[in-house]
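The values are calculated or read from the model by the stated rules, or taken from the named source; none is laboratory data. These figures come from a predicted structure and were not determined experimentally. Here the Cβ positions follow ideal geometry from the backbone for every residue, glycine too, while neighbour counts run over all protein chains shown. What goes into the accessible areas is simple: the full protein's heavy atoms, side chains included, and nothing from ligands, DNA or RNA. Shrake-Rupley method; radii C 1.70, N 1.55, O 1.52, S 1.80 Å.
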Amino acid sequence: MGLSDLSVEYALAGKSVTYNLSCEGDQGLIIGRRGETLDSLQYLARLVANRAGKDYDHVSINVGNYREKREAGLRALAKRSASQVLKY
């Protein structure tokens, strides 16, 4: 993908693991349009992590706090939409 200085940190919590990626350059290449590339990478990681065992492990991949920013944006959109509904 042409990214340099890619670093991966992970955090374990029970049966879930979260990978936080950071890199120099355009993180949008990993995220993709509306997070589609990031979701696809996460899906592939889940397939690999859960293919051998009977237990299901939850795998999450995040780049540059994209998931937190996206959640905050969706919450703000929901509040704006609710206020428009109440107004009209």
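Here are the numbers for this structure:
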quantity: Kirkwood-based shape ratio for the chain, expressed as Rg/Rh from alpha carbons; calculated: 1.10
quantity: Extension gain, V8 back to S40 (0.36 nm per residue minus Cα-Cα distance, nm); calculated: 9.8 nm
quantity: On Cα atoms only, tilt of 36-50 relative to the major axis of the chain in degrees; calculated: 40
quantity: Residues S83 and S60, FRET efficiency given R0 of 25 Å [Cβ-Cβ distance, rounded to 0.05]; calculated: 0.20
quantity: Rounded accessible area of K69 (nearest 10 Å², 1.4 Å probe); calculated: 140
quantity: Listed residues Y88, S7, L21: farthest to the positive end of the dipole of the chain (Cβ charges); calculated: Y88
quantity: Cβ-derived FRET efficiency at R0 30 Å, E24 paired with L74, nearest 0.05; calculated: 0.60
quantity: Accessible surface, the chain, averaged per residue in Å² (probe 1.4 Å); calculated: 78
quantity: Of the chymotrypsin sites (Phe, Trp or Tyr not before Pro) in the range 4-79, those whose Cβ has at most 16 other Cβ within 10 Å and which sit in DSSP loop; calculated: Y56
quantity: Accessible surface ranking that places the most exposed of L41, L21, L86 first, with a 1.4 angstrom probe; calculated: L86, L41, L21
quantity: Whole-percent carbon and sulfur share, accessible surface of the range 32-86, 1.4 Å; calculated: 56
